[in-house]
1. Is it the case that Ala75 is in the same structural domain as Leu366 (by TED's automatic domain parsing), touching a strand residue (DSSP E or B) at 6+ places or on another chain (Cβ under 7 Å), more than 30 Å from Leu297 (Cβ to Cβ) and aliphatic (A, V, I, L, M)?
2. In this structure, is Ser385 surrounded by fewer than 21 Cβ atoms within 10 Å (Cβ to Cβ), modelled with pLDDT under 80 and in contact with a Gly (Cβ under 7 Å, 6 or more places away or on another chain)?
3. Kindly evaluate Gly185 against the criterion of being assigned to a helix (DSSP H, G or I), under 26 Å from Tyr388 (Cβ atoms) and in contact (Cβ under 8 Å) with a residue 24 or more places away in the chain.
4. Quick check: anything in the range 23-43 in the same structural domain as Ile315 (by TED's automatic domain parsing), in contact with a Leu (Cβ under 8 Å, 6 or more places away or on another chain) and modelled with pLDDT of 50 or more?
5. Using the structure shown, decide if Phe151 is crowded, with 19+ Cβ neighbours inside 10 Å and touching a Lys or Arg at 6+ places or on another chain (Cβ under 7 Å).
6. What number of residues in the range 80-117 are part of a helix (DSSP H, G or I) and exposed (fewer than 13 other Cβ atoms within 10 Å of the Cβ)?
7. Look at Gln122 and say whether it is in a loop (DSSP other than H, G, I, E, B), surrounded by fewer than 21 Cβ atoms within 10 Å (Cβ to Cβ) and out of contact with any Ser or Thr (no Cβ under 9 Å at 6 or more places or on another chain).
8. Would you be able to tell me the number of residues in the range 288-336 that are in a helix (DSSP H, G or I) and free of Cβ contacts under 8 Å to residues at least 40 places away in the same chain?
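The values are calculated or read from the model by the stated rules, or taken from the named source; none is laboratory data. Note that the structure is a prediction, hence the values are computed from the model and not measured. When we count neighbours, we look across all protein chains shown, and the Cβ atoms used for this are built from the backbone with ideal geometry, even at glycine.
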Amino acid sequence: MKQWKKWVSAGLALTMAVSLAACSPGGSDADSGSGGKVKIVYARGKDVTPATKKIVEAFEKKHPNIDVVVREMPADTGQSHDQYVTMLSSKSSEIDVFDLDVIWPSEFAQAGYLLPLDRFIQKDRIDMSQYVPGAVEAGKFEGKQWVMPKFIDAGLLYYRKDLIKQPPKTWDELIQQAKQTKGKGGTKFGYLMQAKQYEGLVCNFLEFISSYGGKILDDQGRVVINSPQTIKGLKKMIEVTKSDFVPSNVTTFTELESHTAFLEGQSALIRNWPYMYALVQDPAQSKVKDKVGVAPLPAGDHGSAATLGGWMTGINRYSKHPKEAWELVKFMTGLEGQKITAQYGGSAPTYLPAYNDPAVKNANPLFSQKDFVKGVSAAVPRPVSPDYPKISDIIQIEVSKAIVRKQTAEQAVKNMEQKLKQVVKQ
């Protein structure tokens, strides 16, 4: 009997040991790194800067018990979105932390893909008032904070200072300067933009129509896209994309193709995001170092308009390591992480105190300007809606048809109005 009790006791001890090992952060080879470390997977789009590598190195140095594996997602935000949806809709835990376009949080929160962050924020006493208000609001849905703001974007105009004395103030001036500078200083083009059928096209479209007073939805969420102002803005966009001073295959250009051509000295003007300034100043990549200036986008009848962009960081609801995932999110979106992103990635911080740091001020001349954050916060937002992917798809398809002359601006706007009304609740 005593021997039987010993076997039972030994068996129970072994069972408990196995159970505890399975429940502990380092209990599974699939979920842990070497030496019992916790492994978390961070997914984000292709990073052409050294920022992500620098952030991971700094984080792992501060958290030696956590290994971070970076999973590179497609550079095309639409493709990234669809891959995330496929992955998360199956309740996969293969990623722990991931970056979201500023337009995704409400959709992903409603679908149940994100872990709400309020309890972490409260526990660590994160002061959300220290972040750009618009970026914080973009991460909220139904009263909860689902993501943390990583960096904020607004469309900018970059120009070659050796070819252009004063940047264009209006779209008509841009067209004139693009024509005059094409072929000068070794250039092939006068202007570069993003005109592929993807999210970047929507951003460019919104900037054109907003500069002429056009809107997609009004403040009540009603579809108001069919207006003379929107049509005028789209016509100007068509004029630019069909000119001989942009690449003949401009409808295949995303940010990657655009900045690559500009860094090679192929154009005098380009529309892009703040991140590109760091690339321009990198002698290993850029042939135009110290030759580039930055200015607001050209104005239409209504003034200059820049699309509000940026990226947020959230936690997969199905992550097996939410506490460690939060530590990475907190680090990346806090002061140290945003300093690294600004300095090595050229992206504008959402954490306001970061703008007082000398390294951030030196990262981009805009970051040292007092009105920069104010201007970015007032940039034109894309429609905030759980149905935004459908809204974006409609705009992409109809605008693409218009810029390749398969339909007129009037037809494109009318089609968008009809289709958007079927999606957006009036």
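1. No; evaluated as a whole, the condition is false for this residue.
2. Details: surrounded by fewer than 21 Cβ atoms within 10 Å (Cβ to Cβ): yes; modelled with pLDDT under 80: yes; in contact with a Gly (Cβ under 7 Å, 6 or more places away or on another chain): no.
So Ser385 does not fit the description; no.
3. Working: assigned to a helix (DSSP H, G or I): yes; under 26 Å from Tyr388 (Cβ atoms): no; in contact (Cβ under 8 Å) with a residue 24 or more places away in the chain: yes.
It is false that Gly185 is assigned to a helix (DSSP H, G or I), under 26 Å from Tyr388 (Cβ atoms) and in contact (Cβ under 8 Å) with a residue 24 or more places away in the chain.
4. Within the range 23-43, one or more residues are in the same structural domain as Ile315 (by TED's automatic domain parsing), in contact with a Leu (Cβ under 8 Å, 6 or more places away or on another chain) and modelled with pLDDT of 50 or more.
5. No, not satisfied.
6. Residues in the range 80-117 being part of a helix (DSSP H, G or I) and exposed (fewer than 13 other Cβ atoms within 10 Å of the Cβ): 2 in total.
7. Numbers: in a loop (DSSP other than H, G, I, E, B): no; surrounded by fewer than 21 Cβ atoms within 10 Å (Cβ to Cβ): yes; out of contact with any Ser or Thr (no Cβ under 9 Å at 6 or more places or on another chain): yes.
So Gln122 does not fit the description; no.
8. The number of residues fulfilling the criteria is 2.
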